[in-house]
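A quick write-up on the structure given underneath.
The values are calculated or read from the model by the stated rules, or taken from the named source; none is laboratory data. Note that this is a predicted model, so its numbers are computed, not measured. Surface areas here come from the heavy atoms of the whole protein model, side chains and all, with no ligands, DNA or RNA. Shrake-Rupley method; radii C 1.70, N 1.55, O 1.52, S 1.80 Å.
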Amino acid sequence: MTSHLSCVTNSLPPTELLPWLNTEGSLTALLEVKAGRPLLVERRFEGYRLLSLAQKKQLGIKGAALSHPRLAWVREVYLYGNDELPWVQAQSLFPLSSLKGSARRLQQLKSTPIGYVLFNRSRTLPNQRCIKHTADGWQRQTLYDWHGRSLLISETFLPRFCEKQLDI
């Protein structure tokens with residue numbers, strides 16, 4: 001079940017993009033069906049970063065804890081379908097407190113799409129979602145509850161996907 005985080009946007013996404021922005025299951029699986037092959041993952045950054053104030057709020061951190069520095073494992077990638085240009089730009093934030101036990105494997109994804117891990121046992125996960133328009137394209141930010149651990153994933157649908165795959 002999805003609930004929405006508060007987001008401010010002045011426009012509505014194109015109708016053709018709504019199923020992609022609102023899907024409850026694995027976006028990876030949908031993109032692979034559209035591409036007719038496994039996604040290619042190009043890692044742009046992977047490592048530790050301090051969370052911004054906005055990111056801490058999105059992760060549900062409240063009160064005095066907002067003023068304390070918090071580290072997260074950050075993974076930024078481009079996802080390619082069957083095209084020479086990327087379809088989706090994604091950023092995954094894993095607070096260090098979420099990387100315990102078997103969740104440590106999230107730091108070892110390399111070129112594996114995160115959807116393979118998150119949706120391995122379940123078709124859907126509890127989440128909160130925000131949809132907004134950014135300078136790079138329409139974005140969905142999803143706060144997942146994965147086995148009691150909070151993970152924030154932002155996925156931006158790039159112009160190439162919208163133009164070539166959806167005819168927008």
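Whole angstrom only: what separates the Cα centroid of the range 138-155 from the Cα centroid of the range 8-43?
14 Å
Considering only DSSP beta bridges whose two residues both sit in the range 102-168, what percent are antiparallel, to the nearest 5?
In the range 102-168, approximately 100 percent of DSSP beta bridges are antiparallel ones.
For the chain, evaluate the Debye formula with one uniform point scatterer on each Cα (no solvent term) and list log10 I(q)/I(0) at q = 0.13, 0.19 Å⁻¹, rounded to two decimals.
-0.62, -1.38
Can you list the aspartates and glutamates whose alpha carbon sits under 17 Å from that of Lys110, skipping same-chain ones fewer than 8 residues off?
Glu42, Glu46, Glu76
Largest first, how would Asp136, Asp167 line up by accessible area (1.4 Å probe)?
Heavy-atom accessible area, descending, gives Asp167, Asp136.
Rounded to the nearest 500, what is the chain's calculated 222 nm mean residue ellipticity when only DSSP H runs of at least 4 contribute -39500 (n - 2.57) each, over all residues?
Counting only the DSSP helices, I get -3500 deg cm²/dmol.
Please identify, among Pro38, Pro19, Pro95, the residue showing maximal mean-square fluctuation in a Gaussian network model of the chain using a 10 angstrom Cα cutoff.
Pro19
Roughly how many percent of the accessible protein surface of the chain is carbon and sulfur, given a 1.4 Å probe and a whole-percent answer?
52 percent
List the lysines whose Cα sits under 24 Å from the Cα of Lys132, skipping any in the same chain fewer than 8 residues away.
Qualifying lysines at Cα under 24 Å: Lys34, Lys56, Lys57, Lys62, Lys164.
Accessible area per residue of the chain at 1.4 Å probe, in Å²?
Per-residue accessible area for the chain comes out at 53 Å².
So how do Arg43, Arg160, Arg70 rank on accessible area, 1.4 Å probe, biggest first, that is with the largest at the start?
Highest to lowest solvent-accessible surface, that is Arg43, Arg70, Arg160.
At a 1.4 Å probe radius, which order do Thr23, Thr142 fall into by accessible area, largest first?
Thr23, Thr142
Taking 0.36 nm per residue of sequence separation and subtracting the Cα-Cα distance, how much length would be gained by fully extending the chain between Ser52 and Ser11, in nm to one decimal?
Here the segment from Ser52 to Ser11 would lengthen by 12.2 nm.
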